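The values are calculated or read from the model by the stated rules, or taken from the named source; none is laboratory data. What you see is a predicted model, and the numbers here were worked out from it, not measured in a lab. So basically every Cβ, Gly included, is an ideal-geometry build from the backbone, and we count neighbours across all protein chains shown. Keep in mind that these areas ignore ligands, DNA and RNA; they rest on the heavy atoms of the full protein, side chains included. Shrake-Rupley method; radii C 1.70, N 1.55, O 1.52, S 1.80 Å.
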Amino acid sequence: MPPSVHAFHHTSSPTDIVAQHPYLTFFFAALGLVSFGKFAAKAVGVLLQTFVLPGTNLKKYGAGKGSWAVVTGASEGIGREFALQLAKKGFNVLVSARNSAALDALVTEIETSCPPERKVQAKAFTMDFSQLSDEAQWGRLAAELEGLDIGVLVNNVGRSHRSPIYFAEAPADEVEDIVKINVNATVRVTRIVLSGMVGRKRGLILNMGSFSGTGVASPMLATYAGTKAFLSSWTASLAEEVSSSGVDVQCLNTYFVVSNMSKIRRSNITTPTPKVYVRSVLQKVGLSCGALWTGRPFVSTPFWSHAVIDYFMNLIGWKMFFIRYTHNLHKSIRKRYLRKLEREGKNK
Ligand SMILES: NC(=O)c1ccc[n+]([C@@H]2O[C@H](COP(=O)([O-])OP(=O)(O)OC[C@H]3O[C@@H](n4cnc5c(N)ncnc54)[C@H](OP(=O)(O)O)[C@@H]3O)[C@@H](O)[C@H]2O)c1
């Protein structure tokens, strides 16, 4: 009999292999079961947190009890909406940004829109968070915050590049301001507020993160992405440091939201309005939602479609694919931006 025919007659069936190698079979079956179990538990956890479970009740942080919420970068966009919704939940609100007229209008809106039985106070503090060496304004901010019972701090102020641009070509002042505002100013405000929260054993700090810092690197927004990565890592360390003092710290992993910064004017399934986005954040405080069990403790992806995207990105895990996709997307946004400037006869 030729050797090939001989070999054919002795091919083992799967049942033979199982019978001949019981330990190996058990090992692979157990491995498969554990992998599937992990996958199923994670999927159920993400679905429950994102679509079913409520987050921590804001009364824990003093809602309706005369406590204050401080929101930075609140003259427009997401920050403005945080101020409005936290006031509706019963917090007094201190809002800060550069545009004093917009802040004053917001203060009036908060004070007039709250029903008399749930009256809250609102204050505006005008400042430029990029001016780190202006000791006078930082001293005034510290004096303004001192003595307030601050239950919530939303570190929302942020700056990005005017349009996606290669790091080597980005204007120096733009790069410096992004780091100063997103990192230094956020750290400073937190230092001012944190000791009071620890002393009162109560507080919530929400840091406005981004997919570019907590999920996938962002070519052509390198400095912005780097500052948001700082926020994610800083949040996790700080959160663990202060958790036994009753202070909760979370980094909000955010994809697109309609705003001046995103330059997206109309909402769609993946890009909510600030109102819808902030509502989802305040409903899911303390939960991780789409970021659950992804090796990013204290990060939360609360808005439902962002949570689904975050979940699948982590499931696929092929980061280089998403980085290339983002790079190509930013190249085309940059091209459109330059064409628009050309039409308007402006410089880059
Ligand atoms: N929109 C998105 O798609 C998106 C996605 C991920 C993360 N985020 C993050 O969400 C946060 C809010 O973004 P947004 O989209 O709401 O942006 P936005 O509409 O441009 O609002 C930014 C706010 O920050 C204030 N601000 C900017 N520079 C400042 C400075 N030097 N000093 C003081 N205040 C300053 C602005 O007010 P003045 O001009 O009056 O100072 C404004 O109130 C940012 O941290 C951003 O990185 C946004």
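Select from region 175-223 the residues that are within 12 Å of the ligand (Cβ to nearest atom) and under 13 Å from the mean Cα position of the chain (by Cα) and list them in ascending order.
If the condition is that a residue be within 12 Å of the ligand (Cβ to nearest atom) and under 13 Å from the mean Cα position of the chain (by Cα), then Asn182, Leu206, Asn207, Met208, Gly209, Ser210, Phe211, Ser212, Gly213, Thr214, Gly215 are the ones that fit.
Can you name every residue in region 271-307 that is in a loop (DSSP other than H, G, I, E, B), farther than 21 Å from Gln85 by Cα and among the hydrophobic types (A, V, I, L, M, F, W, C)?
Result: Ala291, Leu292, Trp293, Phe298.
Do the conditions hold for Arg343, that is, is it away from the ligand (no atom under 12 Å from the Cβ), of a type outside the set (Asp, Glu) and farther than 27 Å from Ala41 by Cβ?
Yes; evaluated as a whole, the condition is true for this residue.
Condition check ((1) among the aliphatic types (A, V, I, L, M); (2) closer than 27 Å to Glu109 by Cβ; (3) open to solvent by less than 40 Å² (accessible area, probe 1.4 Å); (4) free of Cβ contacts under 8 Å to residues at least 24 places away in the same chain) across all residues:
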{"residue": "Glu135", "(1), (2), (3), (4)": "no, no, no, yes"}
{"residue": "Glu144", "(1), (2), (3), (4)": "no, yes, no, no"}
{"residue": "Leu148", "(1), (2), (3), (4)": "yes, yes, yes, no"}
{"residue": "Val152", "(1), (2), (3), (4)": "yes, yes, yes, no"}
{"residue": "Asn156", "(1), (2), (3), (4)": "no, yes, yes, no"}
{"residue": "Ser163", "(1), (2), (3), (4)": "no, no, yes, no"}
{"residue": "Val175", "(1), (2), (3), (4)": "yes, no, yes, no"}
{"residue": "Val189", "(1), (2), (3), (4)": "yes, yes, yes, no"}
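Identify the single condition in (1) over 16 Å from Gln49 (Cα atoms); (2) touching a helix residue (DSSP H, G or I) at 6+ places or on another chain (Cβ under 9 Å); (3) open to solvent by 40 Å² or more (accessible area, probe 1.4 Å) that Met313 does not satisfy, given that it satisfies every other one.
Here Met313 clears every test but (3).
Out of region 246-260, which residues are more than 8 Å from the ligand (Cβ to nearest atom), open to solvent by 20 Å² or more (accessible area, probe 1.4 Å) and at negative phi?
Within region 246-260, just Asp248 meets the criteria.
Across region 149-166, which residue is nearest to the ligand (Cβ to nearest atom) among those that are hydrophobic (A, V, I, L, M, F, W, C) and assigned to a loop (DSSP other than H, G, I, E, B)?
Only one residue fits best here, namely Val157.
Inside region 238-271, can you point out the residues that are within 21 Å of His161 (Cα to Cα) and out of contact with any strand residue (DSSP E or B) (no Cβ under 8 Å at 6 or more places or on another chain)?
Passing the criteria: Ser259, Asn260, Met261, Lys263, Arg265, Arg266.
Tell me, which helices (runs of 4 or more DSSP H) wholly within region 4-88 include 3 or more residues that are free of Cβ contacts under 8 Å to residues at least 12 places away in the same chain and either more than 16 Å from the ligand (Cβ to nearest atom) or open to solvent by 100 Å² or more (accessible area, probe 1.4 Å) (or both)?
14-20, 22-47
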